[in-house]
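Student: Take this structure, written in structure tokens, and hold onto it; I'll ask about it next.
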Amino acid sequence: KAGVTQTPRYLIKTRGQQVTLSCSPISGHRSVSWYQQTPGQGLQFLFEYFSETQRNKGNFPGRFSGRQFSNSRSEMNVSTLELGDSALYLCASSLDGTPRSTEAFFGQGTRLTVV
Amino acid sequence: DQQVKQNSPSLSVQEGRISILNCDYTNSMFDYFLWYKKYPAEGPTFLISISSIKDKNEDGRFTVFLNKSAKHLSLHIVPSQPGDSAVYFCAAQGGSEKLVFGKGTKLTVNP
């Protein structure tokens, strides 16, 4: 069974540009969560989508947005990029978003560098 | 406000010895706790979890202990192996809320 696939793996963008990251969850999984990982900050929750609806949202500015499609694939968009947005962006999928029923499986992440 | 704290950014142990990774939390609504391991250039992988109705859960070389009164949990790895060298994240959840992660502890197991 294929794992969580994130594309692209690496990305370099210029300040002010926008970027779209993609995440394909494990087949049958309906929950997709996005995290930002920066050195010294651990994994910070961005948002979670379940059945095409945003179910939870972290404390990130409105420049960060996402969506989920009917096939559960999810995209994350960051507009007006800032240098501080440079990070590893991780996507996690689970059956229903409840860790106690099944653990979340993470993709390998997209390394975004803003210059 | 950091609700899940891993106060040791790094830990170094000898192969064969015990590794103890600690995690503290502040939110009394958390009732489910997980540990993830992360190698460089890979996503985190689930290791072990514990519900608040338990105080211990064991899986092979990995044991998680939960002390609810102290709002503290720990991960014990016995015996430690060089392949265990990675960053370990503690995570917590309450109800249907999002998973909250700590900042991670980098474990190095020396041969």
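Student: Given a Förster distance of 45 angstrom, what is the FRET efficiency for A:V115 paired with B:N27, based on the Cβ-Cβ distance and rounded to 0.05?
Tutor: Values: r = 37 Å, r/R0 = 0.83.
So, using R0 = 45 Å, E works out to roughly 0.75.
Student: What are the ³J(HN,Hα) values, in whole Hz, obtained from phi via the Karplus relation 6.51 cos²θ - 1.76 cosθ + 1.60 with θ = phi - 60°, for each residue of the stretch A:7-24 in sequence order, with x given for Gly and Pro?
Tutor: In residue order, the calculated couplings are 9, x, 7, 9, 8, 10, 10, 9, 3, x, 6, 10, 9, 10, 10, 10, 9, 10 Hz.
Student: Between A:F47 and residues 5 or more places away or on another chain, which pairs have amide H atoms under 5 Å apart, with H built 1.01 Å from N, and which residues are they?
Tutor: Under 5 Å from the amide H of A:F47 lie the amide H atoms of A:W34, A:G58, each far enough along the sequence or on another chain.
Student: With θ set to phi - 60°, apply the Karplus curve 6.51 cos²θ - 1.76 cosθ + 1.60 along the stretch B:12-17 and write out the HN-Hα couplings as whole Hz, x wherever there is a Gly or Pro.
Tutor: 10, 9, 8, 3, x, 8
Student: Please give the per residue volume of the convex hull enclosing the alpha carbon atoms of the stretch B:16-111, rounded to a whole number of Å³. Walk me through the numbers on the way to the answer.
Tutor: On the way: hull volume 9.0 nm³, N = 96.
Measuring per residue, one finds 94 Å³ for the Cα hull of the stretch B:16-111.
Student: Extending each Cα 7 Å along its Cβ direction at A:Q54 and B:R61, get the distance between those two points in nm, one decimal.
Tutor: 4.2 nm
Student: Same structure, new question: What does the structure give for A:37-45 when I average, per residue, the other chain Cβ atoms found within 10 Å of the residue Cβ?
Tutor: Values: counts 8, 1, 2, 3, 4, 13, 11, 3, 6.
Taking the mean over all residues of the peptide, I get 6.
Student: What does the accessible area of A:W34 come to, in Å² to the nearest 10, when a probe of 1.4 Å is used?
Tutor: Here the accessible area works out near 0 Å².
Student: Starting from the Cα of B:E15, step 7 Å along the direction of its Cβ; do the same at A:L83; then give the gap between the two resulting points in nm.
Tutor: With each label point 7 Å from Cα toward Cβ, the separation is 4.3 nm.
Student: Can you give the direction-averaged projected area of the convex hull of the alpha-carbon atoms in the stretch A:1-70, in nm²? Can you show the working numbers first?
Tutor: Values: hull surface 23.2 nm².
Orientation-averaged projected area of the Cα hull: 5.8 nm².
Student: Roughly how many whole Å is it from the C-alpha centroid of the stretch A:43-115 to that of the stretch A:1-24?
Tutor: If you average the Cα positions of each part, the centres end up 11 Å apart.
Student: How large is the accessible surface of B:I18 in square angstrom, using a 1.4 angstrom probe and rounding to the nearest 10?
Tutor: Using a 1.4 Å probe on the heavy atoms, I get roughly 80 Å².
Student: Say the dipole of the stretch B:58-108 comes from +1 at the beta carbon of Lys and Arg and -1 at that of Asp and Glu; which of B:T108, B:P82, B:A92 then lies farthest toward its positive end?
Tutor: The residue sitting most towards the positive pole is B:A92.
Student: Another one. At the nearest 100 Å², what buried accessible area, both sides summed, do you get for B and A when the probe is 1.4 Å? Before the final figure, lay out the partial values.
Tutor: On the way: alone 6110 and 6200 Å², together 10650 Å².
Between B and A, the summed buried area is about 1700 Å².
Student: Compare each residue of the stretch A:48-94 in its chain alone against the assembly with all protein chains, and report those whose accessible area goes down by 50 Å² or more; 1.4 Å probe, heavy atoms.
Tutor: A:N56
Student: Keeping all protein chains in place and using 1.4 angstrom, which order do A:K13, A:K57, B:K103 fall into by accessible surface area, from largest down? Each step should come with its number before you reach the end.
Tutor: Details: A:K13 55, A:K57 100, B:K103 75 Å².
Correct descending sequence by accessible area is A:K57, B:K103, A:K13.
Student: Tally up the carbon and sulfur contribution to the accessible surface of chain A as a whole percent, 1.4 Å probe, everything protein left in place.
Tutor: Numbers: 2550 of 5350 Å².
Roughly 48 percent of what the probe reaches on chain A is carbon or sulfur.
The values are calculated or read from the model by the stated rules, or taken from the named source; none is laboratory data. Everything quoted here is computed from the prediction, not taken from an experiment. For neighbour counting, all protein chains shown are included, and Cβ atoms are generated from backbone atoms with ideal geometry for every residue, glycine included. When the accessible area is computed, the model is the full protein with side chains, heavy atoms only, and any ligands, DNA or RNA have been set aside. Shrake-Rupley method; radii C 1.70, N 1.55, O 1.52, S 1.80 Å.
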